[in-house]
Ligand SMILES: Cc1cc2nc3c(=O)[nH]c(=O)nc-3n(C[C@H](O)[C@H](O)[C@H](O)COP(=O)(O)OP(=O)(O)OC[C@H]3O[C@@H](n4cnc5c(N)ncnc54)[C@H](O)[C@@H]3O)c2cc1C
């Protein structure tokens, strides 16, 4: 079993962006992709709404994203489908289709989804023999034939436009009279001579011999048989992320994973981005935005988890994960006060970077009574004794501390007698050093 900080599942725009940021942050990360990298970009002809590129083919954008992430050192493993994600304490275990396993502190799921099928007779039988879900992949096989596109959204129109390069005639079949596609796409496609819209209509059956030859369409209560050599279906999309989990992961009624604004799912350490996540727009821009947020949060989560694990090795993984979710990070410049003597004690802290001086007021003014270095925790005295802070703690170098509120602190110590004992011992040692005053 190989250990990583972060495993990214899926190599589309979201996964490659997550990988780029993780590699630039020097994280020990790996990306697993079931097929070739690029995701849906590989099935897209032209992208004309990705800022910076007025028009770029999906394949070219995929290649650029892959090369960019690789340049910064991301480990990418194509043709490596992930079968399952499970939890083992605060580790996530990733089981591959080939049976091998990996462990990671955090996982970013960017597995997109798959096309929704029509579910009519002939569709499955002729899949690959005239029924297709990807014009860019298969369109060129149908040069000079009469083709049909099923659907009324952006994908149907974009794919339809691509197919007009090959189709003699193109029928656009949609179950409603109005189309959902952007107006610019509608104007372009419906303005073409070889295109006929068949609405409101539904496909009832697809048939042929060795290849698709016809489809039956129901319109206004009667069935029409239309001669076609290829039927291209773009009626929607089914996210696949939740199927990777045995344990419950929150999703909406259509199966899209639910996250908060940091792309966190309900499982600590598991993030979801891009098309597999519940959101308004399934676009390249949103996929890359999601991924940026997820990695930045995951990086912090992993650091905090490692610090907590080092500081409280006896605490259960559930408690550690729970407290990490509650924690905030605070940064201080050298000279800034972290805790002030006399202030109410409302939080517990762990120093992750920097250094600080613990100071107390005495008859001869303020004096240093001890120092704090990375890995040390402080602030427990006031919380345990219910008194104000008994010392001032001032950063002596640029410092970073993890801050846990009083409720989180109680949760931490009440769930482990060893932790409680250790925090209490530390308090007693500190009190002995500072002359018995309680509070910090
Ligand atoms: C025809 C078409 C045209 C489009 N046109 C545009 C456009 O013009 N502009 C735009 O912004 N967006 C467009 N989109 C949408 C855009 O492509 C998606 O929003 C974007 O690709 C989502 O990125 P993603 O990384 O979330 O998912 P995807 O691109 O779907 O990538 C998911 C990846 O995860 C992999 N995967 C799945 N399961 C596993 C597993 N178990 N293990 C490992 N890997 C796995 C898949 O193989 C895939 O490579 C279009 C989409 C389609 C279908």
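Each value in this text was obtained by applying a stated rule to the coordinates, not by laboratory testing. Predicted model only: the values in this text are computed from it and were never measured. All Cβ positions, glycine included, derive from the backbone under ideal geometry; neighbour counts span all protein chains shown.
How much of the pair distance distribution for the stretch 317-433 lies past 18 Å, counting alpha-carbon pairs only, in percent?
50 percent
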Rh_Kirkwood(the chain) over Cα pairs, Å, one decimal, evaluates to 25.2 Å
Using only Cα atoms, tell me the angle between helix 13-24 and the longest principal axis of the chain; keep it within 0 to 90° and round to the nearest 10.
-> 30 degrees
Average silhouette area of the stretch 63-183, convex hull of alpha-carbon atoms, in square nanometres | 11.9 nm²
Spatial separation of Cα centroids for the stretch 140-177 and the stretch 59-83, in angstrom = 31 Å
Relative to the first principal axis of the alpha-carbon coordinates of the chain, what is the inclination of helix 417-433, with its axis defined by its Cα atoms, in degrees from 0 to 90 and to the nearest 10?
-> 40 degrees
Alpha carbon centre of the stretch 206-226 versus the stretch 260-299: separation in Å?
-> 41 Å
Give, in nm to one decimal, the length gained when the segment between residue 101 and residue 28 is fully stretched (0.36 nm per residue of separation minus the Cα-Cα distance).
-> 24.7 nm
Spacing of the two label points (7 Å from each Cα toward its C-beta) at residue 333 and residue 55, in nm | 5.2 nm
What share of the DSSP beta bridges in the stretch 131-233 is antiparallel, in percent to the nearest 5?
-> 45 percent
The alpha-carbon pair-distance distribution computed for the stretch 1-149, with 10 angstrom bins and whole-percent values, is 11, 33, 30, 19, 7, 1
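If R₀ is 35 angstrom, what is the calculated FRET efficiency for the pair residue 182 and residue 209, using the beta carbon separation as r and rounding to 0.05?
It comes out at approximately 0.40.
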Of all DSSP beta bridges in the chain, what percent run antiparallel (nearest 5)?
-> 60 percent
Sketch the reach of a paramagnetic label on residue 193 as a point 7 Å from Cα along Cα-to-Cβ, and name the residues of the stretch 206-229 whose backbone nitrogen lies under 12 Å away.
-> none
Relative contact order of the chain, defined on C-alpha pairs under 8 angstrom at six or more residues apart (%) = 13 percent
1/(1 + (r/R0)^6) with r = Cβ-Cβ of residue 129 and residue 88, R0 = 56 Å, i.e. FRET efficiency to nearest 0.05, evaluates to 0.80
Whole-percent pair-distance distribution, where bins are 10 Å wide, for the alpha carbons of the stretch 131-233 = 17, 53, 29, 2
So what's the angle, to the nearest 10 degrees on a 0 to 90 scale, between helix 317-326 and the longest Cα principal axis of the chain?
-> 90 degrees
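Compute the FRET efficiency between residue 325 and residue 137 as 1/(1 + (r/R0)^6), taking r as their Cβ-Cβ distance and R0 = 51 Å, and round to the nearest 0.05. Kindly include the intermediate steps, with their values, before the conclusion.
Numbers: r = 42 Å, r/R0 = 0.82.
Computed FRET efficiency for residue 325 and residue 137: 0.75.
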